[in-house]
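These notes concern the structure reproduced below.
All of the numbers you see were taken from the coordinates with simple rules; none came from a lab. All values derive from a computational prediction rather than experimental measurement. Reconstructed Cβ throughout: ideal geometry from the backbone, glycine too, with neighbour counts over all protein chains shown.
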Amino acid sequence: MKQLMWMAMLFIAIGMATASTTIDTAWNGAGTFETHFVAGDDARVDLWTGGSLISGEWHATDSDNNPYNYGVDNVEAKVKASSTNGFIEYQFERTDAKTSMYGEPGQKAYTLIDSLGTASFAWRSTSNYASLSSSNYGWQANGQMQATGEHQIIHTFEANPNEWAGLRVIADGTSYISDMSEGSNSAGYTFGKGLGCYTNAEVGIVGSGTFDLNAYADNSIVTDTGIITDGFLNIHAEFSNGFQYNNFALAGN
């Protein structure tokens with residue numbers, strides 16, 4: 001993968017959430033753009049993007065609602081972004097929780113799409129006193145991560161530093177990844193599995209490259225395709241004319 005360098009800053013929007021704060025931002029142009037949303041001590045969301053042509057929309061809300069008086073607000077972030085000859089990088093970190101009932105915070109959703117062709121990303125994440133979840137139902141049902149040309153796609157969900165799952169694509173061609181939902185709870189985490197909606201976890205690549213799916217868990221990992229293992233899962237593929245993985249969904253605990 002060639003090194004991508006950016007020469008100009010398009011503009012920056014920074015949101016510091018206070019009571020019932022919603023921030024809506026859009027961008028269109030060339031250069032780089034970043035936005036950072038800090039919802040008190042409950043969550044932090046970051047987006048960086050750059051390229052010869054970039055555009056997108058960003059919506060983030062700190063509800064300041066403190067449900068059940070647990071001291072943790074509901075937070076939501078939604079993004080749709082595209083880039084040409086550039087990158088898109090996103091992270092949502094849950095930083096507070098009702099620890100006596102639901103364990104420690106620190107869950108993270110992360111994506112990087114780095115491309116010398118085109119890249120697009122659509123995602124929605126929410127956090128509250130109990131969990132971090134990403135459900136794209138009603139936001140964008142398919143193709144949440146796409147790229148053309150020489151590109152890399154990294155997408156991970158972390159329940160804690162020792163329990164997480166992620167996929168990585170390094171390819172020259174066209175990649176189309178659908179990942180409807182993922183999330184965590186006190187019993188473990190899911191990756192690609194439906195959260196109250198249908199599972200849509202599919203990878204389609206036309207071209208050459210490599211694909212990796214990794215998962216770690218303290219006790220067990222169970223895939224929707226019938227693989228069961230006790231702590232570490234790696235699925236690796238190398239291809240020259242294309243790759244298809246119809247269901248990469250799994251659960252770890």
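Arranged from fewest to most other beta-carbon atoms within 10 Å of their beta carbon, Leu112, Leu250 become Leu112, Leu250. Potential lengthening of the chain between Thr229 and Ser100 amounts to 43.5 nm, from the contour at 0.36 nm per residue minus the alpha-carbon distance. Calculated from the structure, Rg and Dmax of the Cα atoms in Å equals which of (1) 19.1, 60; (2) 17.9, 55; (3) 26.7, 103? Computing Rg and Dmax of the Cα atoms in Å and matching it to (1) 19.1, 60; (2) 17.9, 55; (3) 26.7, 103 gives (2).
Computed per residue of the chain from DSSP H runs no shorter than four, each worth -39500 (n - 2.57), the mean residue ellipticity at 222 nm is 0 deg cm²/dmol. Each of Met101, Met180 was scored by other Cβ atoms within 10 Å of its Cβ. Arranged with the fewest first, they read Met101, Met180. Beta bridges per DSSP, both residues in the range 79-252: antiparallel share near 100 percent. Here the relative contact order of the range 79-252, from alpha carbon pairs under 8 Å that lie six or more residues apart, stands at 17 percent.
Counting only the backbone N, which residues of the range 199-216 are under 12 Å from the spot 7 Å out from the Cα of Ser240 toward its beta-carbon? Hits in the range 199-216 for Ser240 at 12 Å: 208-209.
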